[in-house]
1. Given that compact globular proteins tend to follow 2.2 N^0.38 Å, what is the ratio of the alpha-carbon Rg of the stretch 135-213 to that value?
2. Skipping prolines and chain starts, which residues have an amide H placed within reach, meaning under 5 Å, of the one on residue 175, given they are 5 or more residues away or on another chain?
3. With runs of 4+ DSSP H residues as the only contributors, calculate the mean residue ellipticity of the chain at 222 nm using -39,500 (n - 2.57) per run, divided by the residue total and rounded to the nearest 500.
4. Determine which lysines satisfy two conditions relative to residue 22: a Cα distance under 26 Å, and not lying fewer than 8 residues away in the same chain.
5. Could you check the simple spin-label distance between residue 117 and residue 17, using points 7 Å along Cα→Cβ, in nm with one decimal?
6. Any idea what log10 I(q)/I(0) is at q = 0.08, 0.13, 0.17 Å⁻¹ for the chain, Debye with uniform C-alpha scatterers and no solvent?
7. Of all GluC sites (Glu not before Pro) in the stretch 1-77, which ones are in loop regions per DSSP and have a Cβ with at most 16 other Cβ atoms within 10 Å?
8. Take every Cα-Cα distance within the stretch 81-179, group them into 10 Å bins from 0 onward, and report for each bin the whole-number percent of pairs it holds.
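What follows is calculated from the coordinates using simple rules that are stated; it is not laboratory data. Remember, it's a predicted structure, so these values are computed and weren't measured experimentally. So basically every Cβ, Gly included, is an ideal-geometry build from the backbone, and we count neighbours across all protein chains shown.
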Amino acid sequence: MRFVRRRSRVGFDLLGYQKYTKDATLGQVYHALACLREDPSDFVRLVPHHKISGSVYLHVTHPLVGFGEEDRYLLEFHFEKDSPEDFRHFRVATSDLRFVVGVITKYFERARLPSLRGWRDVTAILREEIENADLIDAHTFSTNHRSQLAQDTVCGCFNCGKIFSPGEIQRWIEDPGDETAVCPYCGINAVIGESCGYPITPEFLARMRRYWFF
Ligand SMILES: [Zn+2]
């Protein structure tokens with residue numbers, strides 16, 4: 001007879017969307033895994049108290065799938081060397097729940113990694129996402145922002161690069177909740193105001209343009 005050990009040798013903290021369990025049990029991990037199917041924005045992140053073969057966490061999600069797509073889990077191992085910047089990241093997609101449970105159990109109970117054959121090295125993709133996180137966040141301030149822009153003295157367009165006063169904006173697009181500015185210089189809705197928290201400078205607008213329009 002096989003018993004599920006209550007706690008791991010290494011010790012794990014369990015993270016989820018707005019959830020945190022210190023020194024989790026395997027039962028709590030399985031429970032969190034079972035809940036993943038109900039919420040596509042949720043995740044299960046197992047963080048060992050000590051690195052396991054260089055890995056600092058195992059991350060599991062069950063993202064929403066489009067029509068005709070296969071229902072699947074994404075598993076990701078994150079490795080760090082000497083600093084958080086010096087990382088590698090591996091990902092695999094599977095529809096086999098037994099495989100997911102197997103990887104988790106081995107990591108949790110035996111502090112072992114599975115063979116990463118068949119896992120994709122997505123380090124470069126993740127690095128780019130991290131480097132551009134500000135551009136992705138700033139973009140969320142480019143719509144539904146009329147009341148926000150009313151408080152700004154400066155705004156800029158990341159299509160044409162012009163920096164101007166929000167008072168110059170003539171055209172607005174109706175959007176749910178609020179209205180979206182149309183740039184008075186190029187006619188594109190790519191305006192962000194200083195209250196987005198990012199610098200309205202030629203350099204930042206140029207980075208935005210490269211990321212969003214090329
Ligand atoms: Zn413009």
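1. 0.94
2. Result for residue 175 returns 180.
3. Result for the chain: -7500 deg cm²/dmol, rounded to the nearest 500.
4. 51, 81, 106
5. Output for this residue pair reads 3.6 nm.
6. -0.43, -0.85, -1.06
7. Qualifying residues, ordered by number: 69, 70.
8. Result, from short to long distances: 11, 26, 19, 16, 17, 10, 0 percent.
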